[in-house]
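Below is one structure; the comments refer to it alone.
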Amino acid sequence: MNLGFIGLGNIGGAIAENLARDGHVLRAFDQDTARLARAAAFGAIACDDVRGVAAASEITFLSLPTPDVVDAVAAEWLAAAPEGAVLVDLSTNAPSRVRALGERIAARGRHFLDAPLSGGAPGAQARMLMFMVGGEPQVFARVCPVFEKIGRAAFHLGPVGSGSVAKLVNSLVAFSTTMASLEGLSLAVRCGLDLRRMVDVIRTGGAGNFYTDRAVEGIERRSEVPQFALELAAKDARLILALEEERGLPGRIASTLAKLLEDACAAGMSQKDWTDLPAFFERECGLHFALRPADESGAG
């Protein structure tokens, strides 16, 4: 297929590389010339601007940082895309913004899917992404073969905007379980409990979650290159809170998450990775996480 990709960051660049390796004719654009050069090295056709991608692509994917950037790029795409072309937004976005964008695109005889993803840069590299998709069923069917090659699952959830709602709900659960786990483990350490024993208790006692079951094993590691910067997590938390407020929900947990992530960014961690959150808790709580290897902990 003739595909386009705009936004070649950690996630977008990995997806674009897989698309090129699958044999598609891939046109790409990013304002970062180094990223664009890397795309050319793995076989993409580097374009000078968004319109160059749009004019020659049946389906164009976006992987961009904020709703404002998505709107601006989509306007440029719409000015050059041929009738019947599809724009797929992989970014985390506000449902109201993507619904409005979908209406503008449909009015011009083009098609739109909001398809935010879960899995991050490692999932993009390993083709293990999950896509949460909103849009017309026939448009989803047209793009689904591509989703299936670059990910492990794609859920069609309803009209445009549905994918963005699902992504924010998924992030709310993922963020909150991580934060609660780190706060609980901080309390355990402060009270003198062995961290490995506490992790074993949580896993055995029924409070286990993604963080305590797997991610906690990297609690002492610190990233050198951010895959999911905390400033992006803070942006996502604001989107979650705004959606809850829009729908008349109190947003008690979302507001706490947003404040915590804003505090981490204000403490100089905006460009640190999500996996560096334990360092923020260590600093805030005046402690150090030291997790012994699992085979040394014993049981019972």
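Values in this text are rule-based calculations from the coordinates and carry no lab data. Predicted model only: the values in this text are computed from it and were never measured. Here the Cβ is made from the backbone with ideal geometry for all residues, glycine too, and neighbour counts use every protein chain on show.
Of note:
- Close amide H pairs (under 5 Å, H built 1.01 Å from N) link residue 289 with no residue at least 5 positions away or on another chain.
- For the chain, built as a Gaussian network whose Cα springs stay under 10 Å, the top-fluctuating residue of 14, 39, 106: 106
- Environment charge of residue 280, counting only residues whose C-beta is closer than 10 Å and scoring Lys/Arg +1, Asp/Glu -1: -2
- Alpha-carbon spread of the chain, three principal axes, descending order, Å: 65, 46, 34
- Highest-fluctuation residue, 44, 79, 20 considered, GNM on the chain with Cα pairs under 10 Å: 79
- Translational D in µm²/s for the stretch 166-296 (Stokes-Einstein at 20 °C, 1.002 mPa s, Kirkwood Rh from C-alpha pairs): 139 µm²/s
- Karplus-derived 3J(HN,Hα), 6.51/-1.76/1.60, for each residue of the stretch 142-149, Hz, glycine and proline x: 5, 8, 4, x, 6, 3, 5, 7
- Charge dipole (Cα centre; +1 on Lys/Arg Cβ, -1 on Asp/Glu Cβ; no other charges) of the chain amounts to roughly 360 debye.
- Projecting the Cα positions of 269, 173, 228 onto the charge dipole of the stretch 166-296 (unit charges on Cβ atoms of Lys, Arg, Asp and Glu, taken about the Cα centre) puts 173 furthest along the positive direction.
- For the chain, leaving out every one of the GluC sites (Glu not before Pro) that falls in a DSSP loop and has at most 15 other Cβ atoms within 10 Å, the longest unbroken run is 84-219.
- Phi angles of the stretch 94-102 translate, via the Karplus equation with coefficients 6.51, -1.76, 1.60 and θ = phi - 60°, into HN-Hα couplings of 7, x, 5, 5, 6, 5, 5, 5, x Hz per residue; Gly and Pro are given as x.
- Nonlocal amide H pairs with residue 27, under 5 Å, H built at 1.01 Å: 3, 4, 5, 45
- Per-residue ³J(HN,Hα) for the stretch 203-213, Karplus 6.51 cos²θ - 1.76 cosθ + 1.60, θ = phi - 60°, Hz, x for Gly and Pro: 5, 7, x, x, 9, x, 8, 3, 5, 6, 7
- Around the amide H of residue 85, modelled in the peptide plane, lie the amide H atoms of 111, all under 5 Å away and 5 or more residues distant in sequence or on another chain.
- In degrees, nearest ten, helix 162-190 long axis to first principal axis of the chain (Cα): 20 degrees
- Taking all pairs of distinct alpha-carbon atoms in the stretch 2-158, Kirkwood radius in angstrom: 15.0 Å
- Counting 0.36 nm for each residue step from residue 222 to residue 25 and taking away their Cα separation leaves a gain of 67.2 nm.
- Reported to the nearest whole Å, the Cα centre-to-centre distance from the stretch 117-131 to the stretch 81-98 is 19.
- Percentage, to the nearest whole number, of Cα pairs in the stretch 244-300 over 14 Å apart: 67 percent
- Diffusion coefficient, µm² s⁻¹, Stokes-Einstein with Kirkwood Rh over alpha-carbon pairs of the stretch 110-219 at 25 °C and 0.890 mPa s: 154 µm²/s
- For the pair the stretch 239-284 / the stretch 140-159, the C-alpha centres are spaced 30 Å from each other.
- When the chain is treated as a Gaussian network with alpha carbon springs shorter than 10 Å, the biggest mean-square fluctuation among 230, 249, 129 belongs to 249.
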